[in-house]
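Remarks on the structure that follows.
A short reminder: the numbers here are calculations on the coordinates, not readings from a lab. Fair warning: this is a prediction, and the values are worked out from it, not measured in the lab. Cβ atoms come from the backbone with ideal geometry, glycine included; neighbour counts cover every protein chain shown.
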Amino acid sequence: MFEERLAAIRDKRVKIAVIGLGYVGLPVACIFARAGFQVVGIDRVEEKVHQIRQGLCPIGGKEPGLAELVAQVVRDGRLSATTRYEECRDAGVVIIAVETPVDEETRRPKYEALRAALVSLGNHLSRGTLVIVESTIAPLTMERVVRPILEETSGLRAGKDFYLAHCPERVQPGRLLYNLEHMPRVIGGMTPEAGRLALELYRHIVRADLDVTDCLTAEIVKTTENAYRDVQIAFANEIALLCESLGADVWRVRELVNKCPQRDMHLPGAGVGGHCLPKDPWLLIANAPEGFQARLIPAARAVNDGMPLHVADLVVEGLRRVGKEVRGSRIAVLGYAYLENSDDTRNSPSEVLVRKLRELGAEVVIHDPYVPPYQGDLRERLRGCDAAVLMVAHDEYRHLNPAELDVPVVVDGRRVLEEGGHQRVIRLGRGDRQG
Ligand code: SAJ
């Protein structure tokens with residue numbers, strides 16, 4: 001069985017099913033289709049399946065090459081889309097790329113989507129199939145959740161009747177296709193055979209290192225790399241708050257610190273959003289044994305979660321300086337996506353800011369060139385506003401001259417606005433003494 005499957009993957013004779021057609025699954029499905037495999041995409045959202053069947057790309061924002069590739073592989077008949085899991089029955093490879101959020105209160109993994117996909121797949125799992133989980137998951141999830149559900153629902157045994165691997169995604173909005181081809185990947189095999197088969201598969205699309213290891217190591221590597229970034233950003237944010245309190249400018253400080261070798265201070269800013277950094281650190285420590293007590297990781301999460309609330313404080317302070325109260329003020333929030341030039345609003349820091357300002361009694365209007373409900377003319381949106389807050393470094397906002405915004409108070413949470421003109425910008429991370 002193993003040799004036959006290896007040859008079929010090598011010769012692209014296997015059909016690939018990709019479960020979950022979001023920011024991870026859709027690009028993966030398209031790239032394997034372009035590489036010459038027959039691919040079926042499975043998603044529970046009818047509308048999305050319908051769009052893809054028309055060759056339309058449901059992902060917005062600046063995503064180089066993706067819309068064209070969806071149209072091409074659908075036109076070539078290499079990619080089809082469905083809501084039916086029966087399509088997995090004759091698939092030799094099944095890739096799972098569903099969301100894996102954490103509970104906002106308990107910080108525990110919420111695996112509803114993952115469990116549902118595993119149960120549905122288990123009912124249609126065939127002997128010899130290679131199942132790969134690309135979603136980011138907590139350490140020990142492959143052993144404690146994925147394997148048991150698939151074995152229970154299929155009646156087959158992992159490692160004996162089918163193969164199981166974890167190959168965590170490393171996608172990033174704005175470079176989805178690029179990262180898939182050029183980022184090194186970690187392949188965690190439940191067994192050496194599973195690792196070998198997955199290696200053969202990813203060789204068809206990845207032009208970078210492919211490192212084969214075990215599932216636990218792969219789970220820890222992915223959650224650690226995002227926790228690492230989150231902690232680095234939290235450090236930069238803490239220094240930004242310190243500089244404000246000392247009357248210094250964190251941007252100047254960062255510039256000079258990063259001139260020192262082996263220093264790479266990240267960008268402080270208005271918050272950390274997305275489907276990865278706000279939850280992967282919690283996944284990393286989710287299954288840590290009783291005795292282990294994480295201190296740094298939760299502390300970093302608290303600092304980063306506090307940044308949009310700090311921006312609210314800067315707005316309140318700015319309004320006070322011009323003799324206005326936040327209650328009854330009209331405030332424009334510029335940027336609602338969590339990342340520049342993307343339409344992705346998952347765990348967006350702007351959502352936290354908007355909620356806070358409304359709680360304080362402000363009327364809030366939102367503008368975002370990529371997020372459909374908030375698109376439209378910026379000047380129009382700013383009309384009659386008492387303050388404008390820049391939350392996302394979209395290209396459209398870069399080099400905006402604050403004076404042209406024509407509002408009494410401007411807060412820049414991402415250091416993208418021009419300096420100068422008569423308008424003094426309140427910049428996150430810069431204290432007043434720098435007047
Ligand atoms: N951010 C900062 N300061 C920084 C960098 C980012 O405040 O110096 C903020 C961003 O504004 C955004 C959030 O953090 O709100 C996340 O930004 P990101 O650039 O990390 O974007 P993600 O979350 O889409 O991508 C991350 C990346 N992980 C790493 O770089 C370690 C990407 O490589 C992963 O593939 C992705 O998570 C994922 O899917 O896990």
- Taking only C-alpha positions in the chain, Rg and Dmax in angstrom work out to 23.8, 76
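Please identify every one of the chymotrypsin sites (Phe, Trp or Tyr not before Pro) in segment 250-343 that sits in a loop by DSSP and has no more than 15 other beta carbons within 10 Å of its own beta carbon.
Passing sites in segment 250-343 are Phe292.
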- Query: What angle, in degrees between 0 and 90 and rounded to the nearest 10, separates the Cα long axis of helix 25-34 from the longest principal axis of the Cα atoms of the chain?
  - Reply: 50 degrees
- Task: Add +1 for every Lys or Arg and -1 for every Asp or Glu among the other residues with Cβ under 15 Å from the Cβ of Met265, and state the total.
- Result: +1
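In segment 108-156, which trypsin sites (Lys or Arg not before Pro) are in a loop and have at most 11 other Cβ atoms within 10 Å, using DSSP for the loop call?
Passing both the DSSP loop test and the Cβ count: Arg127.
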- Query: Relative to the first principal axis of the alpha-carbon coordinates of the chain, what is the inclination of helix 192-202, with its axis defined by its Cα atoms, in degrees from 0 to 90 and to the nearest 10?
  - Reply: 60 degrees
- Taking the Cα centre of the chain as origin and charging only Cβ (+1 Lys, Arg; -1 Asp, Glu), how large is the dipole, in debye to the nearest 20? 260 debye
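How do Tyr374, Tyr163 line up, fewest other C-beta atoms within 10 Å first?
Taking fewest neighbouring Cβ atoms as first place, the list is Tyr374, Tyr163.
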- May I ask for log10 I(q)/I(0) of segment 122-273 at q = 0.09, 0.12, 0.15 Å⁻¹, from a Debye sum over the Cα atoms as equal point scatterers with solvent left out? -0.42, -0.65, -0.84
- Query: How far is helix 296-321 tilted, in degrees, relative to the longest principal axis of the Cα atoms in the chain, given as a value from 0 to 90 rounded to the nearest 10?
  - Reply: 30 degrees
- Hey, got a sec? Which trypsin sites (Lys or Arg not before Pro) in segment 182-232 land in a DSSP loop and have at most 15 other Cβ atoms within 10 Å? Arg203, Arg207
- Given 15 as the ceiling on other Cβ atoms within 10 Å, longest exposed-site-free region of the chain for GluC sites (Glu not before Pro) in DSSP loops: 106-289
